[in-house]
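See below for the structure under consideration.
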Amino acid sequence: MAKEGAQRAEETEQMIEKEGGREAAEGSAAGSLRAGDTKEMRAVVLSAFGGLNKLRVSKKAMPEPQEGELKIRVKACGLNFIDLMVRQGNIDNPPKTPLVPGFECSGIVEALGDSVKGFEIGDRVMAFVNYNAWAEVVCTPVEFVYKIPDDMSFSEAAAFPMNFVTAYMMLFEVANLREGMSVLVHSAGGGVGQAVAQLCSTVPNVTVFGTASSFKHEAIKDSVTHLFDRNADYVQEVKRISTDGVDIVLDCLCGENTGKGLSLLKPLGTYILYGSSNMVTGETKSFFSFAKSWWQVEKVNPIKLYEENKVIAGFSLLNLLFKQNRGGLIKGVMDKLLNLYNSKKIKPVVDSLWALEEVKEAMQRIHDRGNIGKLILDVEKAPTPLMANDSTETSEAGEE
């Protein structure tokens, strides 16, 4: 491992030197930049909320770090279900378009803003970004940046922060997972689902019930204790195995599953809503589906919770980071997670790598719930020609 780390460090130094030499050569050939000249980069741009045709790769001005920020040369970006909801405008207070999507990435530190400490140019890092992650270069506050272990690849690093921090916070900070408990997790084959399963395995005698599409069962059967088809009557299946129900329910589906999840909770059990993937029914948002799902949630009765000694909670990592200023708390969680990674107890599951120009196809794979683990946008990956033609600035592919 030490040898691999040394090789990675040497490769990083050579990469930085190469980039610096190329920029110096370009500078000497063209002369110093004139006032108003701006370096450009490739980025995925969402022109308006709607279908896949609203996404395209464009040239944008390269950002420079402000005080307290790091400039990162991006190698890989994480693609999450929340990105689909952003694309559809299916979130609270969405930002104005056009915008660059994406909330997590990995890469190499290229520049430091004023007052930044603890990092150096050339460091391999992963980071949370408040939008703008799907680009060749990003700038983000130092409190959202973490060094990558020597034996972790850039693609694994881009798959790590959102999924594992979300899973850890729900299990240990909200639900207080302990030895001998039981957990039900939906979408067990997804990035968060796989992170939940791995973290549960670090606690003795935890039983994990999972739901997933049947075609994923063979690939993920060893990661959970009991696995059910997402379209089957999992409530009866769980009760057949555990008559009292479960201690923790992690629900990223919302809608009719809220009532089912609460019905499965043991006394003093905790139901956590952390997503609304059932609201994304196709390429574009369905307002009927949206209204129907939230109508089911509104039917939760607080008096019944009191009588049955049950807890219902919600968790949004992005709100915790960017709206509620809990970066310090997340830093502590990341330290614990990286210790678990270094101890070989957890490891991000990467489903597939996609070029920036293939973002539409990558999103469609998530729409279709075809992924096992995390989809990654690989900034340096050459696109498949047919896919690249579908994501250019002139593309009109995709339905509204």
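The values are calculated or read from the model by the stated rules, or taken from the named source; none is laboratory data. Here the structure is a predicted model, which means the values were calculated and not measured. Ideal geometry is used to build each Cβ from the backbone, glycine not excepted, and the neighbour counts take in all protein chains shown. When the accessible area is computed, the model is the full protein with side chains, heavy atoms only, and any ligands, DNA or RNA have been set aside. Shrake-Rupley method; radii C 1.70, N 1.55, O 1.52, S 1.80 Å.
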Report task. Give the number of residues within segment 212-244 that are free of Cβ contacts under 8 Å to residues at least 40 places away in the same chain, small (G, A, S) and not in a helix (DSSP H, G or I). Result -> 2
Requested in this report: Pairs only if they're at least six apart or on different chains, beta carbon under 8 angstrom, first in segment 75-100 and on the phi > 0 side of the Ramachandran plot, second open to solvent by 20 Å² or more (accessible area, probe 1.4 Å) and part of a loop (DSSP other than H, G, I, E, B); list them, first residue then second.
Outcome: G89/F49; G89/K285
Query raised in the report: Somewhere in segment 241-255, is a residue under 16 Å from R369 (Cβ atoms) and at pLDDT 95 or above?
Result: no
Requested in this report: Give segment 125-163 a look and list any residue that's over 11 Å from V74 (Cβ atoms), aliphatic (A, V, I, L, M) and in a strand (DSSP E or B), or say none.
Outcome: V145
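Matching residues to (1) among the hydrophobic types (A, V, I, L, M, F, W, C); (2) under 15 Å from N80 (Cβ atoms); (3) free of Cβ contacts under 8 Å to residues at least 24 places away in the same chain; (4) outside any loop (DSSP other than H, G, I, E, B):
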{"position": "I346", "(1), (2), (3), (4)": "yes, no, no, no"}
{"position": "L353", "(1), (2), (3), (4)": "yes, no, no, yes"}
{"position": "K360", "(1), (2), (3), (4)": "no, no, no, yes"}
{"position": "R369", "(1), (2), (3), (4)": "no, yes, no, no"}
Report summary line: Counting only residues that are farther than 13 Å from A48 by Cα, open to solvent by less than 10 Å² (accessible area, probe 1.4 Å) and either in contact with a Pro (Cβ under 7 Å, 6 or more places away or on another chain) or at pLDDT below 95 (or both), segment 85-102 contains a total of 0
**Report entry** Test result for V44, at pLDDT below 95, assigned by the TED database to the domain that holds S153 and not basic (K, R)
**Finding:** no
Requested in this report: Output the number of the condition that L199 fails; it satisfies all remaining conditions of (1) open to solvent by less than 10 Å² (accessible area, probe 1.4 Å); (2) in contact (Cβ under 8 Å) with a residue 40 or more places away in the chain; (3) under 17 Å from C252 (Cα atoms); (4) not β-branched (V, I, T).
Outcome: (3)
Query - Failed item in (1) part of a strand (DSSP E or B); (2) under 18 Å from V145 (Cα atoms); (3) of a type in the set (D, E, K, R), with E64 passing the rest - result: (1)
